[in-house]
Structures are given as C-alpha cells and as structure tokens.
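Notes to accompany the following structure.
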Amino acid sequence: MIFSSTRRVFGMILGIALAAGLAAPAEAQKRQNTIRFAYDQVPENVDPFFNNVRIGVIIAHQVWDTLIYRDPRTNEYKGQLATAWRWIDDKTLELDLRRGVKFHNGVEFSADDVVYTLNFVANPANRSTTQSNVNWIDRVEKIDSHKVRIITKRPFPAAIEYLAGPIVIHPAAYYEQVGPKGMNEKPVGSGPYRVVEHQIGRSITLQRNPDYFRDGPKPQPQIERIVIRFIPDRQTQVAEMLSGGLDFVMNIAPDQAQQMRAVPTLQIVSGGTMRIVFLNFATTERSPAPQLRDLRVRRAIAHAIDRQTMARQLVGEGSQIINAICFPAQFGCDASQVPVYDYNPAKAKELLAEAGFPNGFDIDLHSYRERNQAEAMINYLRAVGIRATLRFGQYAAMREQIRSNRAGMAHQTWGSFSINDVSASTPVYYKGLDDDISRDPKVIELLERGDSVTDPQQRIAAYREAHKLIMEQVYSVPLYNLVTFYAAARDLEFAAYPDELPRFWEMRWK
Amino acid sequence: MSDIVQTGPVAVAVVPPSRFKRRALKHKGLMIGTIIFAIIVLIALLAPFISPHDPYAQDLNNRLVPPVWYERGSWLHPFGTDNLGRDYLSRTLYGAQISLLIGISVMVISGTIGTALGLAAGYFGGRIDLVVTFIITTRLALPVVLVALAVVAMVGGTLGIVIAVLGLLKWDRFAVVMRSATQQVRSLDFVEAARASGAGQLRIILKEVLPNVMPHLIVVGTVEAASAILLEAALSFLGLGVQPPLPSWGLMISEAKNFMFFSFWLIAIPGAALALLVLAINMMGDGLRDVTAPDSRS
C-alpha cells in the first residue's frame with residue numbers, strides 16, 4: 001500500500017509534467033473533434049472480406065454496414081441495411097431492404113448490391129480470406145429492387161449471426177469495377193464514417209458521413225474525424241498515450257493498465273471479451289507428443305494449472321473461468337454437464353505416476369500471444385514434474401506446426417470473429433477441420449449435427465453432448481476469457497463491449 | 001585475398017612470468033576486472049547455496065513486488081519479484097550461471113576451431129593457407145546474428161543449440177589472429193632449431209608455436225566470451241535464444257520490457273548484471289593485452 005502511494009506520487013509527477021506541457025494538444029484534439037487511435041496490426045487489405053485481423057473488423061463496422069445489426073447491450077438483432085427478414089424454408093432466408101440509403105459515392109443502395117457482393121465473396125474462386133464466414137451461402141437472388149433471398153448450401157441456422165457480423169455490403173457497380181484491390185485503395189461503403197485518406201501500411205483517416213441514414217441502429221456519429229495509425233510496438237503506443245500524441249488505444253497489458261490509472265489525463269476502461277484461452281492437445285496417432293495420448297496425462301495437466309489465480313492475477317478484472325471450449329454467451333455454449341478439473345497438483349502427480357511418468361517428461365508448449373500466461377503454465381507444469389519448453393512464435397507459424405502435426409500442446413486463443421453462436425468456436429477445433437488435433441469421430445458427428453439441425457433445442461442438445469465428451473476426454477484444458485484494456489483521453493466518452501469493437505459512431509467528448 | 005585477413009604487425013615476444021606477475025598486479029584495470037569476474041564466477045558456482053528462493057518457483061499472488069529499497073519492498077525478496085512472482089534476486093544469481101556457461105563454452109568451441117585453422121594456415125602456408133583463408137572469408141561474409149536467428153528459428157532455441165550455433169559461428173577472429181601470429185613465430189630461431197633437431201610437425205606446433213601465441217589467444221578469448229554473452233542476451237531478448245523458464249539475463253530483460261515505464265528495476269537489475277560481467281571480462285582482456293605486450297608498447 002505504501003508502494004502504491006509512491007506510484008501515485010510518480011503518476012502525479014508524470015501528470016503534472018503532462019498537464020504543463022502536453023495537455024494543451026489533447027485539448028486541441030477535443031476542439032478539432034478528432035480521435036487519434038493507434039493499432040499494432042496492419043490489415044493486408046481494408047476490404048473486410050480480405051483480411052482476418054481485428055483492426056479490419058473495427059474499420060469494417062465504421063465504414064460499412066451489415067444487413068443485420070446485433071445490439072451489443074441486449075444481443076437483440078435489429079435491421080440495418082435490411083429492415084425485416086424471414087426463413088421461407090430451412091435453406092432460404094428472405095430479407096426486405098432499407099430504402100433511402102446512400103453509399104459514400106452517392107449511389108443509392110438496392111438489392112443489386114447485396115446480390116453482387118454476396119455472390120462475389122461466396123465464390124471460392126475469388127479467395128475471400130475467411131472462407132467459413134461465407135461458404136455457407138449457395139447463391140443470392142433478387143426478388144425486386146429492395147427484396148432478396150439468400151439460399152444456403154445446408155440448413156444454416158446461424159446465418160443471421162454471420163449477416164450481423166463479418167458480412168458487409170459493398171456498392172455493386174463500384175466493386176465490380178475496382179475489385180478488392182481498388183476497394184483497399186479507395187474504400188467505399190455506406191457506414192457512419194467514410195475513408196478520406198488511406199496511406200497503405202501507415203494510417204487511415206475517417207471522416208463523419210453527413211448523409212448517414214437516420215433511423216438505423218447506429219446513431220449519427222458525433223466525432224468529426226478518426227485518425228487510425230499503425231504502430232506495431234505496444235510500448236510506443238503507451239509512450240504516445242502518455243505524451244498526449246494519441247487519444248485512444250486498446251489491448252494494453254493489464255499490469256500497465258493498472259499503473260496508467262495514476263495518470264490524470266487518461267482513463268482506463270476494461271472489458272471482458274469473447275476471446276477464450278485454452279490449452280489444446282494433439283491426441284491422434286500422429287501426435288508429436290505421445291504422452292498426451294494417455295487420458296491420465298491430460299487429466300494431470302488439467303489438475304496442474306491454477307486457472308482461477310491466472311485469470312485473477314494475469315488477465316485481470318472481468319476475466320471468467322470457462323469450462324468448455326466456447327464463450328459462455330454464445331448460443332449453444334452449454335457447459336452444464338462437463339466434468340470440471342480443479343487445481344490439485346498432488347492429484348496431478350498421482351495421475352502422472354499412474355500413467356508411468358513418476359518423474360514427469362519433457363514436452364514443448366507452442367504459444368503465440370500472452371507470453372506471460374504461457375510461462376505461468378510452464379511453471380505450473382514444472383511444479384508437477386512436466387518440463388515444458390516454450391516455443392513462441394507468430395500465429396501463422398504456430399498454426400502451420402499444428403496443422404502438420406508438429407505441435408503436441410498449444411496455447412490457443414480464439415475470438416470467434418465476435419459471432420455469438422457456438423458454430424463459430426467449438427467446431428473450428430473439434431469438427432475434423434484443419435485445426436482439429438484430437439479428431440474424435442463421435443465429437444465430429446455431434447458438432448456436425450449441432451451445426452446443421454434447425455431446431456434450437458436439438459442444436460443445444462447436440463453441442464452439450466459434444467462439450468461433455470471433449471471434457472471427459474480432456475482434449476483440451478479450457479482456461480478463461482481475455483480482458484481488453486482501453487486507454488483513452490480522460491474526457492472521451494465511450495463503452496467497452498465483449499466483441500472488442502470500439503464504436504466510434506457513438507463516442508463523444510464529455 | 002590473404003591481405004584481407006592480415007591484421008598488421010603482431011608482437012610475438014613473450015613476457016617472462018616474473019615480469020608478467022609484477023606488471024599484472026600493477027595494472028589497475030586488469031585487477032578490478034579480475035576481481036569482479038571472480039566474484040561473478042563465485043556467485044554462479046554458489047547460486048544454489050546463496051539464493052534465498054527457487055528461481056523457478058512462481059507465486060502469482062505476489063507479483064511485481066518492488067525491491068527492498070522501495071517502501072513496499074521487504075527483505076523476503078531483496079530484488080523484488082517478477083511478473084510471475086518469482087524471486088528476482090535468485091533469478092539474477094542463477095542468471096550468472098547461464099551467462100558464464102555460454103561465454104565460456106562458446107569461447108572454448110570457437111577457440112578450438114579458430115586456433116586449429118589459424119595454426120594450420122599460419123604454420124604450413126601455401127595451399128592450406130589458401131583454403132583456410134577462403135573458409136575464413138566465407139565465414140566473415142555471413143552476418144552472425146542473422147545466421148544465429150535463422151538457425152534458432154528453424155531448430156528451436158535451447159541452451160545447447162544457442163551454445164553450438166554461437167560456437168560454430170564465432171571462430172573467425174581466433175583464426176585470423178592465430179594465423180598471423182603463427183606466421184611470425186614459425187620463422188623464428190627456436191622453431192628452426194626444433195625442426196633441425198628432428199621434431200615432428202605436430203610436436204613443433206603444439207610445443208613450440210602454440211605456447212608462444214598463447215597471449216594473443218587469451219586476449220581474443222576474453223573478447224569473444226564477452227561478445228558471446230551479449231549475443232545470447234540479444235537472441236534471448238528477441239525471443240530466439242534461451243527459452244523460458246531459464247533465468248537468462250537477456251530473457252529477463254526481454255520479459256521486463258513491458259514494465260519499463262513503471263517497474264524499471266525489472267530491466268535495470270539484469271541489465272546492470274550483464275553490463276558488469278561484460279565490462280569485467282573486457283577489462284581483463286584489455287589488461288592482459290597490455291601486460292603481455294612487449295616493453296615498448298606498454
């Protein structure tokens with residue numbers, strides 16, 4: 001406690017320095033009505049269908065609109081570019097479209113835009129980045145100028161959720177003319193902000209769209225300009241934040257966020273996210289770590305890790321323990337029947353001895369983010385005799401090693417593209433797809449059923465059974481959800497949502 | 001080609017032991033360096049006995065405790081704890097083991113390779129010299145850090161691999177210096193005398209040449225050991241060197257960089273330890289060079 005007062009003194013000194021020299025420019029930003037935001041990843045293409053990074057999702061929802069909008073407070077679906085929708089049969093979704101919406105280039109929005117955009121991205125030949133977001137669409141048909149039908153390949157009850165998430169609508173004529181490459185250079189959407197400048201790889205400047213339609217679920221934006229800069233190093237972002245060069249950053253390390261609370265010109269807001277963390281095991285015959293094929297070893301690992309303490313001490317306020325590989329608020333994420341493994345190192349040692357490893361064994365732990373959490377797990381494993389070596393690298397490299405059976409144990413995280421349906425999480429890792437390293441036929445069958453039956457009760461039942469089986473077999477150790485810490489100029493008013501999507505259109509100055 | 005690796009005139013006169021001792025004791029830099037180095041070696045050897053805690057034991061409920069000179073610090077953790085609640089003093093003490101192990105092992109491996117090549121090239125000359133010079137220039141064309149990064153990224157970083165990679169890469173200076181030193185020694189009278197008395201090549205190299213180029217070997221060895229320690233720290237800092245949870249100083253600095261704005265001691269402590277060790281070794285190297293140089297140079 002005495003220390004925290006030293007810290008406060010330090011914070012005050014820093015604050016006085018800032019107030020004296022640097023608060024003035026921050027005030028100027030308020031007067032100019034501009035938010036300067038920095039992010040560490042660069043989207044390979046701003047066209048939302050051709051990147052799979054978070055900043056791409058953030059830009060997508062400022063510049064474009066989706067057909068349906070999910071209210072992040074109530075999880076209720078509202079009409080955005082569509083005003084009403086209905087299932088004609090279990091593979092046909094009919095949507096009425098909004099009238100009087102204009103794209104940033106002045107062209108009126110109509111059924112042709114939906115038909116062209118969706119047919120274009122659903123065609124595998126056009127190589128949209130995340131195929132699972134669009135490959136359920138068979139074709140889209142125009143009924144009249146403001147009515148379309150989407151025909152799915154199989155019954156796909158989660159369609160609404162995808163239409164409210166990653167699937168935005170482009171202006172047909174412009175998109176046909178310039179394609180994804182031109183869309184990256186000069187993006188045109190219908191959203192609350194339009195892109196006025198894109199310096200590829202450096203910055204994107206957004207300007208308020210004065211003609212944004214009024215009766216939609218997104219309110220009229222108040223902030224005039226958003227300047228997004230790509231700053232790869234988080235420490236540099238923090239330094240800029242401290243010196244008043246930025247007004248808004250996200251994904252601050254929890255410890256740093258705690259310490260930044262002492263700076264008087266800033267506010268720190270945290271929010272639990274949909275991103276779940278888990279330890280995944282390769283248990284097939286080709287597993288590079290054959291020890292993991294023994295259920296007792298997997299149970300031992302589950303008992304060795306103190307998830308509760310990790311969530312509280314390393315992730316921070318807002319982090320919840322999860323017991324199944326899905327985010328609890330997702331439809332179908334039912335962990336009510338899964339076995340839960342408590343933190344019990346003695347039991348872990350016992351199980352290891354039973355499995356024939358009284359002296360433990362050596363193993364690699366693959367990881368790509370939250371390195372401190374991976375290290376904490378390594379130390380927990382070490383305490384029960386398992387000597388794990390950290391293999392830390394880029395996500396693409398780790399994914400490659402997992403898919404080619406060269407990673408036995410992986411520290412995974414998954415954000416489900418903010419899709420609030422379990423079909424976007426559990427099946428990615430257990431339905432026999434590329435990232436499935438346990439490949440249990442029973443689990444695959446159950447998930448297949450959950451993804452394709454239309455009756456919600458039957459879906460829940462299938463997923464519940466799958467989660468139970470996954471945890472009985474301990475194909476993974478579910479840990480917790482991550483928390484995002486935002487730092488912002490003190491007088492900016494904003495809210496943090498679990499989908500990690502800052503909504504600039506509803507921000508304002510206090 | 002061979003001009004590239006000619007390093008100018010190399011002194012070969014060897015200082016007699018009695019004068020060496022007298023000079024060494026009078027050389028302040030050498031003495032200070034040796035004392036600091038000896039202390040660090042002692043710490044490394046005694047780490048298991050003098051460390052207050054297990055350097056691997058984490059306690060997530062006691063994270064980021066500041067060192068004892070802060071108000072919230074306590075003697076329980078004199079240097080505080082790191083972001084996983086591990087005792088920082090213990091990790092710093094154990095870190096000395098890793099740095100020294102790497103410095104000395106790399107020096108021995110690269111020293112052996114470089115000395116063998118340099119002696120052979122310098123003593124035999126001719127074709128052998130051409131071949132060795134070619135190997136040296138080839139090696140000099142490879143940037144050490146880049147190659148080390150690539151290899152470690154491909155094979156994975158363990159302590160053994162880092163030592164092997166650095167050992168196999170850092171022999172160039174040994175080879176260059178040994179070659180030119182040997183060239184000068186081989187034509188001296190006592191080598192001719194040994195040859196005349198019918199000694200074999202190997203015996204001449206080991207008994208006549210090697211002892212007379214030894215001072216250079218020692219000086220190069222200290223420089224290389226220090227540079228290996230720094231390289232390991234750099235690799236570990238980039239996440240491609242020694243892997244967690246080993247308490248390497250470079251790794252500790254790397255892990256601390258997220259805390260540098262508010263908990264700077266996490267970087268300052270291993271940073272200071274690293275700087276002290278490298279400084280001590282360099283002071284020893286400089287001192288040895290001065291002490292073993294012929295009278296006219298000191």
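Odds and ends about this structure:
- Radius of gyration and maximum dimension Dmax of region B:181-237, Cα, Å: 16.9, 56
- Shielding by partners, peptide A:375-383 (average Cβ within 10 angstrom, other chains): 5
- Cα centroid separation, region A:435-500 to region B:46-106 (Å): 39 Å
- At R0 = 25 Å, FRET efficiency that the Cβ-Cβ distance of A:S452 and A:E141 yields, to 0.05: 0.70
- Normalised by the number of residues in chain A, the average gap of Cα pairs under 8 Å and 6 or more apart makes the relative contact order 19 percent.
- Pairwise FRET efficiency - A:S203 versus B:H53, Cβ, R0 = 51 Å, nearest 0.05: 0.60
- Exposure rank, largest accessible area first [A:R202, B:R186, A:R293, A:R54; 1.4 Å]: A:R202, A:R293, B:R186, A:R54
- For chain B: rounded, prolate or oblate by the Cα gyration tensor [a/c cutoff 1.5]: prolate
- Amide H contacts under 5 Å for A:R508, placed H, 5+ residues apart: A:E493
- Rounded to whole numbers, the Karplus 3J(HN,Hα) couplings from phi for region B:230-241 are 5, 5, 4, 4, 5, 4, 5, 4, 7, x, 10, x Hz, using 6.51 cos²θ - 1.76 cosθ + 1.60 with θ = phi - 60°, and x at Gly and Pro.
- Pairs of Cα atoms nearer than 8 Å and 6+ residues apart set the relative contact order; for chain B it is 26 percent.
- Residue pairs, from the table B:K28/B:K257; A:K431/B:K257; A:K153/A:K181; A:K91/A:K218, whose Cα atoms sit over 31 Å apart: B:K28/B:K257; A:K431/B:K257
- Beta bridges per DSSP with both ends in the protein assembly as shown, % antiparallel, nearest 5: 75 percent
- Carbon-plus-sulfur accessible fraction, region A:201-290 (probe radius 1.4 Å, protein heavy atoms only): 45%.
- Calculated accessible area for the protein assembly as shown comes out at 41 Å² per residue, all protein chains present (probe 1.4 Å; ligands, DNA, RNA ignored).
- With one equal scatterer per alpha carbon and no solvent term, the Debye-computed log10 I(q)/I(0) for region A:267-381 at 0.16, 0.17 1/Å reads -0.87, -0.97.
- Cα shape, region A:68-180, gyration tensor, a/c 1.5 rule: rounded
- Whole-percent carbon and sulfur share, accessible surface of region A:407-474, 1.4 Å: 49 percent
- Within the accessible area of region B:58-197 (1.4 Å probe), percent carbon and sulfur: 69 percent
- For region B:57-88, accessible area lost to neighbouring protein chains reaches 40 Å² or more, against the chain alone with a 1.4 Å probe, at B:Q58, B:L60, B:N61, B:R63, B:E71, B:R72, B:L84.
- Hypothetical label at A:V53: residues of region A:148-181 whose amide nitrogen lies under 20 Å (7 Å Cα-Cβ projection): A:166-168, A:180-181
- Shown in residue order for region B:152-160 are the 3J(HN,Hα) couplings computed by the Karplus curve 6.51 cos²θ - 1.76 cosθ + 1.60 at θ = phi - 60°: 5, 5, 7, 8, x, x, 10, 4, x Hz (x for Gly and Pro).
- Using a 1.4 angstrom probe on protein heavy atoms only, the contact between A and B buries about 2700 square angstrom of accessible area, both sides summed.
- Spacing of the modelled spin labels on B:L238 and A:V340, each 7 Å from Cα toward Cβ, amounts to 4.5 nm.
- Shape parameters for chain A, alpha-carbon atoms, Rg then Dmax in Å: 24.1, 72
- Annotation note: chymotrypsin sites (Phe, Trp or Tyr not before Pro) in region B:220-284 located in DSSP loop regions with a Cβ neighbour count of at most 12 within 10 Å are B:F264.
- Positions from region A:227-250 whose accessible area shrinks by 20 Å² or more when the full protein complex is built, not the chain alone, probe 1.4 Å: A:Q235, A:L242
- Rounded to whole numbers, the Karplus 3J(HN,Hα) couplings from phi for region A:473-481 are 8, 6, 5, 7, 10, x, 10, 6, 9 Hz, using 6.51 cos²θ - 1.76 cosθ + 1.60 with θ = phi - 60°, and x at Gly and Pro.
- Spin-label model, B:D189 to A:D89: label points 7 Å out along the Cα-to-beta-carbon direction sit 11.1 nm apart.
- Annotation: A:V42 carries an accessible surface of approximately 70 Å², with a 1.4 Å probe and no ligand, DNA or RNA atoms counted.
- One Cα centroid belongs to region B:193-251, the other to region A:54-123; the line between them spans 68 Å.
- The slack between B:L42 and B:M154, meaning 0.36 nm per residue of separation minus the straight C-alpha distance, is 36.8 nm.
The values are calculated or read from the model by the stated rules, or taken from the named source; none is laboratory data. For clarity, every value in this text was computed on a predicted model and none was experimentally measured. Neighbour counts are summed over all protein chains in view; Cβ atoms, including those assigned to glycine, are modelled from backbone coordinates with ideal geometry. To get the accessible areas, we keep the full protein, side chains included, count just its heavy atoms, and leave off ligands, DNA and RNA. Shrake-Rupley method; radii C 1.70, N 1.55, O 1.52, S 1.80 Å.
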